Amino acid sequence: MRETRSDGDLLRAIAADGDRRAFEELYRRYAPWLGARLRGRCADAGIVDDVVQETFLAVWRGSARYREEGDVAGWLWRIGSRRLIDALRGDGARGRLRQTLSRLRHRDEASAEERVLAGVEHGDLAGALVRLSPELRAVLQATVIDGLTTREASVLLGIPPGTVKTRALRARKQLREELA
């Protein structure tokens, strides 16, 4: 019977020796869980699969270092959620919006959804969002657009959960006033 190694043992073996079996065991242990968790934040299975791969690639290459603080699942979640946010902020989400806008220009009649998307980027909401302070905009990005919980946004932004809630309330109030 083979003894099961702890998460810490696996990570130490990966970091020290490039132990492929340790990496495979860690991947089997956490990849399904991470994928399921990310799918709760993003419906695009392709993006989720890419983010899971990028997360474990960072572990393998050593660009993500575990400092033996907290549990490994939480550490992997922080890496994965940040990679997901990067994917959604980067060419992923913006590229899809640009494609939608391009299709709008090439058709006679735009769907209601396409008109709303165009309004978000170029309408009153876009202007109101730009006028928010960077701190308020970051909280809205994390909680509304990226779908993170208050606690997850707190970890991502490096501020207390109460501050996330306060900034979210201030941002919503400011947006309501500007859009009224």
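The values are calculated or read from the model by the stated rules, or taken from the named source; none is laboratory data. Given the structure is predicted, the values throughout are model-derived calculations rather than measurements. No Cβ is skipped: glycine too gets one built from the backbone with ideal geometry, and neighbour counts run over all protein chains shown.
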- [ ] Filter segment 126-179 down to residues that are charged (D, E, K, R) and either over 20 Å from residue 81 (Cβ atoms) or assigned by TED's automatic domain parsing to the domain that holds residue 88 (or both), then give me how many there are.
- [x] 7
- [ ] Give the residues of segment 147-161 that are part of a helix (DSSP H, G or I) and surrounded by 12 or more Cβ atoms within 10 Å (Cβ to Cβ), sorted by residue number.
- [x] 150, 152, 153, 154, 155, 156, 157, 161
Open item on the list: Being touching a helix residue (DSSP H, G or I) at 6+ places or on another chain (Cβ under 9 Å), of a type outside the set (A, V, I, L, M, F, W, C) and over 22 Å from residue 143 (Cβ atoms) is the filter here; which residues of segment 37-52 pass it?
Closed with: 49, 50
TODO: Considering every residue within segment 102-119, establish whether at least one is on the phi > 0 side of the Ramachandran plot and at pLDDT below 75.
DONE: no
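From 76, 84, grab the single residue that is in a helix (DSSP H, G or I), under 22 Å from residue 155 (Cα atoms) and touching a Ser or Thr at 6+ places or on another chain (Cβ under 8 Å).
76
Just a yes or no: is a residue in segment 162-170 loosely packed, with under 12 Cβ neighbours inside 10 Å and at pLDDT 85 or above?
Yes: one or more hits.
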TODO: Quick one: in segment 124-146, of everything that is surrounded by 16 or more Cβ atoms within 10 Å (Cβ to Cβ) and out of contact with any Leu (no Cβ under 8 Å at 6 or more places or on another chain), which residue is farthest from residue 88 (Cα to Cα)?
DONE: 136
Task: Selected residue [surrounded by 18 or more Cβ atoms within 10 Å (Cβ to Cβ) and in a helix (DSSP H, G or I)] from 34, 57 - done: 34
Task: Considering residues of segment 65-98 that are buried (at least 18 other Cβ atoms within 10 Å of the Cβ) and among the aliphatic types (A, V, I, L, M) only, the residue modelled with the lowest pLDDT - done: 88
Task: Single residue of segment 37-49 satisfying the filter (surrounded by fewer than 17 Cβ atoms within 10 Å (Cβ to Cβ) and part of a helix (DSSP H, G or I)) that is modelled with the highest pLDDT - done: 49
